[in-house]
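Chemist: The structure's right below; bear with me while I get my questions together.
The values are calculated or read from the model by the stated rules, or taken from the named source; none is laboratory data. Quick caveat, the model's predicted, so the values are computed rather than measured. Neighbour counts run over all protein chains shown; Cβ positions are idealised from the backbone, glycine included. Only protein heavy atoms, including side chains, enter the accessible area calculation; ligands, DNA and RNA are left aside. Shrake-Rupley method; radii C 1.70, N 1.55, O 1.52, S 1.80 Å.
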Amino acid sequence: MSETVKVKELVDNLSLEVVTGNAASLERIVTNSDISRPGLELTGYFSYYSHDRLQLFGNKEITFAERMIPEERLMVMRRLCTDDTPAFIISRDLTASKEMIQAADEHNIPVLKSKIGTSRLLGEIASFLSGRLAARTSVHGVLVDVYGLGVLIQGDSGIGKSETALELVKRGHRLIADDRVDVYQQDELNLIGEPPGILQHLIEIRGIGIIDVMDLFGASAVRGEMPVQLVVYLENWSKDKTYDRLGSDNTEVEIADVKVPRIKIPVKTGRNVAIIIEVAAMNFRAKNMGYDATKTFEDRLSRLIDENSGEK
């Protein structure tokens, strides 16, 4: 884990209500994306208490605690409070007991509340924390949302990556990051890319300088983050090199331990690279939906060969 999250960020991003807590308690740090539901702890079993995690109380935990006598409830709540416990969170708009609030106030731990169900709330918190706490890796390139597909444009310096991205933005697509893309592994199969804070919404065009894409094209021309689903590598065209003409040269590149499909596009005067990337994105999506034009061509070619062989 490379970052930390303050409890206040949870409150702001997930629209949580602060039941009790002050400015200092909301500055407490969350360092673990795992979330604990302290059911066993309420029975007095603390041998494996995950005290450094957010403590989530759903209907079962609150109902069980209500059956305790006040003195026992206060004792258990005090044991749940440690120096590194970030916060208590209550789901389903349930009511925090007086003893929970008293114990939390004694240890300066905030008590938060949400109206949504426990399972859904747990999922939203875990997703938010996983994204924020995941280790970041920076890769060189430009990330663009093309027809809802995250396309990472890479290539040698000066090949025209930023200019191609600008043309795509003009054609209605959205910029995520230019020049440097921060990526993190959402899970074993998915990679998320986002811009560094200093480069957000900005793109560099040689001869013009830095431009603000959101300022020039509007808020719909940018996006905060995007899964990296396809890598397009731009390379200078060479007459001495053989290029894939059927689309059967399927390669992958590994980024932050996730394998991402990659295609190479030769660049030379007269080629509209932006349009080619648009078509590449549409063709990639069609393949994922089960339609492969290359396979269709190969099947037709095989049938034609068989038919001609039968005539002899």
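Chemist: Suppose we filter region 123-152 for residues that are under 15 Å from E278 (Cβ atoms) and either in a helix (DSSP H, G or I) or among the β-branched types (V, I, T) (or both); how many remain?
Modeler: Qualifying residue count, region 123-152: 4.
Chemist: Does G44 count as among the small types (G, A, S) and exposed (fewer than 12 other Cβ atoms within 10 Å of the Cβ)?
Modeler: When the stated conditions are applied, G44 passes them.
Chemist: Any residue at all in region 109-131 that's in contact with a Lys or Arg (Cβ under 8 Å, 6 or more places away or on another chain), among the acidic types (D, E) and within 30 Å of R73 (Cβ to Cβ)?
Modeler: no
Chemist: Being basic (K, R) and under 30 Å from A256 (Cβ atoms): is that true of R92 here?
Modeler: Spelling it out, it is not the case that R92 is basic (K, R) and under 30 Å from A256 (Cβ atoms).
Chemist: Moving to a separate point now. Closer than 16 Å to R174 by Cβ, out of contact with any helix residue (DSSP H, G or I) (no Cβ under 6 Å at 6 or more places or on another chain) and surrounded by 11 or more Cβ atoms within 10 Å (Cβ to Cβ): is that true of L230 in this structure?
Modeler: So L230 does not fit the description; no.
Chemist: Another question, then. Given the criteria at pLDDT 95 or above, of a type in the set (K, R) and under 28 Å from L14 (Cβ atoms), does R174 qualify?
Modeler: Yes.
Chemist: Restricting to region 81-121, and then to whatever is touching a Phe, Trp or Tyr at 6+ places or on another chain (Cβ under 8 Å) and in a helix (DSSP H, G or I), can you tell me which residue is surrounded by the most Cβ atoms within 10 Å (Cβ to Cβ)? Please lay out each step first, then the result.
Modeler: Let us first name the residues in region 81-121 that are touching a Phe, Trp or Tyr at 6+ places or on another chain (Cβ under 8 Å), namely 88-91, 94, 96, 100, 104, 109-112.
Filter again for in a helix (DSSP H, G or I), leaving 100, 104.
Details: M100: 27, A104: 24.
Among residues in region 81-121 that are touching a Phe, Trp or Tyr at 6+ places or on another chain (Cβ under 8 Å) and in a helix (DSSP H, G or I), the one surrounded by the most Cβ atoms within 10 Å (Cβ to Cβ) is M100.
Chemist: Here's something else I'd like to know. Mind checking which residues of region 2-41 are surrounded by 13 or more Cβ atoms within 10 Å (Cβ to Cβ) and at positive phi?
Modeler: If the condition is that a residue be surrounded by 13 or more Cβ atoms within 10 Å (Cβ to Cβ) and at positive phi, then G21 is the only one that fits.
Chemist: Taking strands (runs of 3 or more DSSP E) that do not extend beyond region 153-218, which have at least 1 residues that are of a type in the set (V, I, T) and open to solvent by 50 Å² or more (accessible area, probe 1.4 Å)?
Modeler: Here the list reads 209-212.
Chemist: Take the residues in region 264-312 that are β-branched (V, I, T) and out of contact with any strand residue (DSSP E or B) (no Cβ under 8 Å at 6 or more places or on another chain); name whichever of them is farthest from Q229 (Cα to Cα).
Modeler: Residues of region 264-312 β-branched (V, I, T): 265, 267, 269, 273, 275-277, 279, 294, 296, 305.
The next check asks that each one be out of contact with any strand residue (DSSP E or B) (no Cβ under 8 Å at 6 or more places or on another chain); those that pass are 269, 275, 279, 294, 296, 305.
Numbers: T269: 28, I275: 18, V279: 15, T294: 20, T296: 24, I305: 36 Å.
Checked region 264-312; the qualifying residue farthest from Q229 (Cα to Cα) is I305.
Chemist: If you check V228, V273, which single one turns out to be more than 16 Å from the chain's Cα centre (by Cα), under 30 Å from T296 (Cα atoms) and β-branched (V, I, T)? Break it down stepwise before answering.
Modeler: Values: V228 fails: more than 16 Å from the chain's Cα centre (by Cα).
When all the criteria are applied, what remains is V273.
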